[in-house]
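All of the numbers you see were taken from the coordinates with simple rules; none came from a lab. Quick caveat, the model's predicted, so the values are computed rather than measured. Here Cβ is always computed from backbone atoms with ideal geometry, including for glycine, and neighbour counts include all displayed protein chains.
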Ligand code: PGA
């Protein structure tokens, strides 16, 4: 089973003629859409598997503007992204914040999709592995989660990590997961995945699927799903 996740980010749900048909799961691939929160109900009504792009770890109360994990679950979502690099950068979410979100998501019965990845400066200074290890070690999780390796320098840039880079990082992450008895956790790659490179990426040993941003809005998202 492969996983292709469509992160619509801050965009309306696609208006092309292939919505919603190309976003439906099959026996070979689990497709999940992550729309802006206000479109969650529409995507569910359209028969899609849906996740939230983020969720608060706070309990109910005076947190204007926030939506927490129990509400996300009640809305019909099954997944929630935790620690996407845009949340870490733009909203200053720390590893500790992400850890609280992951715990709250699991408690609410959601599957957290935990996003980790190094910046370009970190890769160039040779600290990729220690950064990823720190990001993972901050979290408590079990086999009921999904991890997406998304190098920050590959997100939305059109620069995809090479096959060798993805393979090496996924092998490293597998080693860490083994020490945590989490061998069943699916490991996705994210960062400028598109219709042209998806087949090669999802075929890399150790890659269980892809988290797709920009290309998930286009009709040729169908080719990414078909690549599995
Ligand atoms: P991208 O985004 O496919 O546009 O690089 C991936 C992501 O942010 O999850």
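Rounded to whole Å and sorted largest first, list the principal axis extents of the Cα atoms in the stretch 13-130.
Projected onto the principal axes, the Cα atoms of the stretch 13-130 cover 45, 38, 25 Å.
Which percent of the Cα-Cα distances in the stretch 75-159 go past 15 Å? Let's see the in-between values first.
Working: 2042 of 3570 pairs.
Within the stretch 75-159, distances greater than 15 Å cover 57 percent of Cα pairs.
Report relative contact order for the stretch 1-136 in percent, whole number only (criteria: Cα-Cα under 8 Å, sequence separation at least 6).
Rounded, it is 18 percent for the stretch 1-136.
Zone of residue 180 (label point 7 Å along Cα→Cβ, backbone N under 13 Å): which residues in the stretch 118-138?
Those under the cut-off are 132-138.
Spin-label point model (7 Å from Cα, Cβ direction): what's the residue 78 to residue 26 distance in nm?
Spacing of the two 7 Å Cα→Cβ label points: 1.8 nm.
Would you look at the GNM of the chain, springs on alpha carbons closer than 10 Å, and say which of 155, 114, 44 moves the most?
44
Quick one: length gained pulling residue 59 to residue 95 fully straight, 0.36 nm per residue minus the C-alpha distance?
Working: separation 36, 0.36 × 36 = 12.96 nm, distance 1.91 nm.
Result: 11.0 nm gained on full extension.
Over all Cα pairs of the chain, how is the pair count split among 5 Å bins, expressed in % and running from 0 up to the last occupied bin?
For the chain, the binned pair fractions read 1, 7, 16, 20, 21, 17, 11, 5, 1, 0 percent.
When only C-alpha pairs under 8 Å and at least 6 residues apart count, what is the relative contact order of the chain, in percent? Display every interim value, and only then the final one.
On the way: 450 pairs, mean separation 46.0, N = 228.
After rounding, I find 20 percent.
For 24, 2, what's the fewest-to-most ordering of other Cβ within 10 Å of each Cβ?
On the way: 24 14, 2 19.
Fewest-to-most ranking of 24, 2: 24, 2.
Could you let me know the centre-to-centre spacing of the stretch 161-221 and the stretch 26-104, using Cα atoms, in angstrom?
Cα centroid of the stretch 161-221 versus Cα centroid of the stretch 26-104: 20 Å apart.
If packing is taken as the average number of other Cβ atoms within 10 Å across a peptide's residues, how do 204-211, 117-124 rank, most packed first? Can you show the working numbers first?
Values: 204-211: 20.6, 117-124: 17.2.
Put in order of decreasing packing, that is 204-211, 117-124.
Helix-only estimate, please: 222 nm mean residue ellipticity of the chain, summing -39500 (n - 2.57) across DSSP H runs of length 4 or more and dividing by its residues, to the nearest 500. Mind showing how you got there, number by number?
Details: 9 runs with 75 residues, N = 228.
About -9000 deg cm²/dmol.
Could you work out how far apart the two model spin labels at residue 138 and residue 18 are, taking each label as a point 7 Å from the Cα in the direction of the beta carbon, and quote it in nm?
3.6 nm
Within 10 Å, count the other beta carbons around each residue, average over each peptide in 36-43, 50-57, 12-19, and list them highest first. The partial results should precede the final answer.
Working: 36-43: 16.0, 50-57: 21.8, 12-19: 13.2.
Most protected by this proxy first, the peptides run 50-57, 36-43, 12-19.
Run the simple label-point estimate for residue 200 and residue 219 please: 7 Å along Cα→C-beta, distance reported in nm.
2.6 nm
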